[in-house]
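Asker: The structure is given below, and queries will be raised subsequently.
The values are calculated or read from the model by the stated rules, or taken from the named source; none is laboratory data. Please read these numbers as outputs of a predicted model, since none were measured by experiment. Every residue, glycine as well, gets a Cβ built from its backbone with ideal geometry; the counts of neighbours run over all protein chains shown. For the accessible areas, the whole protein counts, side chains as well, though only heavy atoms, and no ligand, DNA or RNA atoms are used. Shrake-Rupley method; radii C 1.70, N 1.55, O 1.52, S 1.80 Å.
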Amino acid sequence: MKAMILAAGKGTRVRPFTYTIPKPLIPILQKPVMEFLLELLRQHGFNEIMVNVSHLAAEIENYFRDGQRFGVQIGYSFEGRIEDGTLIGDALGSAGGLRNIQDFNPFFDDTFVVLCGDALIDLDLTAAVQWHRAKGSIATIITKSVPSEDVSSYGVVVSDEDGKILSFQEKPSVEEALSTCINTGIYIFEPEVIDFIPPNQKYDIGSELFPKLVEKGAPFYALNMEFEWVDIGKVPDYWHAIRGVLRREVKNVAIPGVEVKPNIYTGLNVAVNWDKVEIKGPVYIGAMTKIEDGAKIIGPSMIGPNCRICSGTIVDNSIIFEYSRLGPGVRLVDKLVFGRYCVDKEGHTINLQEAALDWLITDVREKLPFDDRQEVRAIADLLKQDP
C-alpha cells in the first residue's frame, strides 16, 4: 500500500529549530518525529512511501535514504531549484506536491494515505481505510474531538450525521465554532482526488482542495476517531510533547536510555556524582553529558547528549539540546536551549549571541574567553523566571 508524508514546509512556527533542522527531523528524545510515522505506516501495511521535500531537503534524504533500515521503500520529490550552485527550496503546497508526483509518473493507483510530517500519532489506519472504502469516499479527513475551549487553536471540520463534510472553520472562537472536531492532518484519498488539483502551481490541501471538494459535492467525509495525536507544529506544542513523553502520557514513545534511579534515565557514559547533585524526575540525560557537583535538575526536563551542566546551575522544567554548556550559577526555569537560542515555553526567543550572553550558555566545543563566576551569576538573573 502507498502513502505520502508531507515534509516540504519551512516550519516557520517551530523556529529556531528549523533554521538548521527540517521539521520532520525534530527529535522526540533523540528520535526524529518522521521515524515514528514510518513505523506506524509499516505496521499497517503501507510500505511504499513518497516524501515531498524542499527546505533542508538533503537532511531528510540523508537520514532516511531509501527506507531500507525502516522496513519500507521511500522516494523523494524535491520542490525547488539550483541557483548559482545553491539549492533553493520552493514548496508547491501540500496538494501541489501531490499533483507534482502524479504528473511525473502516476504513482497513486489505489487508496492511499497522506500524513503531515510533524505529529506523533497512534491511529488504527487499517480500520480508517476500511471505513473510507465502505463509504465510497473520494477523500476522508481523520478528525479528533477536543474540548470546546481549545477549538480556537485548530481548523474545525463541520459534517452531517453521516459524516459528509459540509464546511470548515479556521480557528473559530468558542462562540462561533460549529463543531469540536478538528482536522488532524491525516487524510485518506482515492487517486481521483488528484484530478481536482490544478497542475503546475502551488495549491494547498486544507485551504483550497477541500473547499473545492465541498463545492463540487464530491463524496467527502470526516471520520472522527479516538487516538493519540501529539502535534509539534509550534514551539509550545513541542514543549508539551516532550513533557508528555517524560511523564509517560504519550504511550507510543518510550524513554530511551537506562533508568538509573526512579524516573531518571541516562544514555551512555553520563558523568555525574549522584551523591552531590539534586535530580528530581522525570529527567532524561543524554550520553556523554557531564553534570557537575552542586547542580540541580527538576523534571520534567531533558538534557541532550554531550552537554555540560556546571556547578550551581538549576535546570527546572526545561529542555536542553545537545552540546549545550550551562555556566556556573545559571538558572533555567521553563526554558528551552537550542544552539545559540534560549526559548521560553510560549516560543519567545532570545538570541544569546546578539544579547552577548553566548559565553554564559554556549556550545561545549567552544573555548570560553573567561570564567568569572560572580559575573556569570549576576547575568544569570537575566534568564531567571519564577515558576
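Asker: Would a scan of the range 318-333 turn up a residue that is assigned to a loop (DSSP other than H, G, I, E, B), at pLDDT below 85 and under 18 Å from TYR238 (Cα atoms)?
Answerer: no
Asker: Report, ordered by the first and then the second residue, all pairs with beta carbons closer than 7 Å, sequence separation of six or more or different chains, a first member in the range 191-202 that is open to solvent by 20 Å² or more (accessible area, probe 1.4 Å), and a second member that is part of a helix (DSSP H, G or I) and hydrophobic (A, V, I, L, M, F, W, C).
Answerer: PHE196/LEU209; PHE196/LEU213
Asker: Please list, ordered by residue number, the strands (runs of 3 or more DSSP E) wholly in the range 242-308 having 2 or more residues that are open to solvent by 20 Å² or more (accessible area, probe 1.4 Å), modelled with pLDDT of 90 or more and of a type outside the set (Ser, Thr, Tyr).
Answerer: Counting at least 2 such residues, we get 258-261, 278-280, 296-298.
Asker: Does the range 105-126 contain any residue that is in contact (Cβ under 8 Å) with a residue 60 or more places away in the chain, more than 29 Å from ALA241 (Cα to Cα) and among the aromatic types (Phe, Trp, Tyr)?
Answerer: Among the residues of the range 105-126, at least one is in contact (Cβ under 8 Å) with a residue 60 or more places away in the chain, more than 29 Å from ALA241 (Cα to Cα) and among the aromatic types (Phe, Trp, Tyr), which makes the answer yes.
Asker: Tell me, please, whether a residue that is assigned to a strand (DSSP E or B) and open to solvent by 10 Å² or more (accessible area, probe 1.4 Å) can be found in the range 132-145.
Answerer: Yes, the range 132-145 contains at least one residue that is assigned to a strand (DSSP E or B) and open to solvent by 10 Å² or more (accessible area, probe 1.4 Å).
Asker: Looking at the range 75-88, I want the residues that are in contact (Cβ under 8 Å) with a residue 12 or more places away in the chain and in a strand (DSSP E or B) and have a partner that is acidic (Asp, Glu) and open to solvent by less than 80 Å² (accessible area, probe 1.4 Å) with Cβ atoms under 7 Å, at least 6 apart or on another chain. Which pairs are those?
Answerer: TYR76/GLU61; GLY80/ASP90
Asker: Please go through the range 203-241 and pick out each residue that is over 18 Å from the mean Cα position of the chain (by Cα) and in a loop (DSSP other than H, G, I, E, B). Steps first, answer last, please.
Answerer: Step one: list which residues in the range 203-241 are over 18 Å from the mean Cα position of the chain (by Cα), which gives 203-226.
The answer is TYR203, ASP204, LYS216, GLY217, ALA218, PRO219, MET225, GLU226.
Asker: What are the residues in the range 53-75 that are under 12 Å from ALA8 (Cα atoms) and buried (at least 19 other Cβ atoms within 10 Å of the Cβ), if any?
Answerer: VAL53, SER54, HIS55, LEU56, ALA57, ILE60
Asker: Residues in the range 325-336 that are over 23 Å from GLU249 (Cα atoms) and either crowded, with 24+ Cβ neighbours inside 10 Å or in contact with a helix residue (DSSP H, G or I) (Cβ under 9 Å, 6 or more places away or on another chain) (or both): how many?
Answerer: 7
Asker: So in the range 174-190, with the set limited to residues that are β-branched (Val, Ile, Thr) and open to solvent by less than 30 Å² (accessible area, probe 1.4 Å), which one is modelled with the highest pLDDT?
Answerer: Step by step, filter the range 174-190, then rank; the result is ILE188.
Asker: So in the range 2-52, with the set limited to residues that are farther than 30 Å from ASN351 by Cα and part of a loop (DSSP other than H, G, I, E, B), which one is least open to solvent (accessible area, probe 1.4 Å)?
Answerer: PHE46
Asker: List every residue pair whose Cβ atoms lie under 7 Å apart, where the two residues are 6 or more positions apart in sequence or sit on different chains, the first residue falls within the range 342-364 and is assigned to a strand (DSSP E or B), and the second residue, located anywhere, is modelled with pLDDT under 70 and open to solvent by less than 30 Å² (accessible area, probe 1.4 Å).
Answerer: CYS342/LEU352; CYS342/LEU383; ILE361/LEU352
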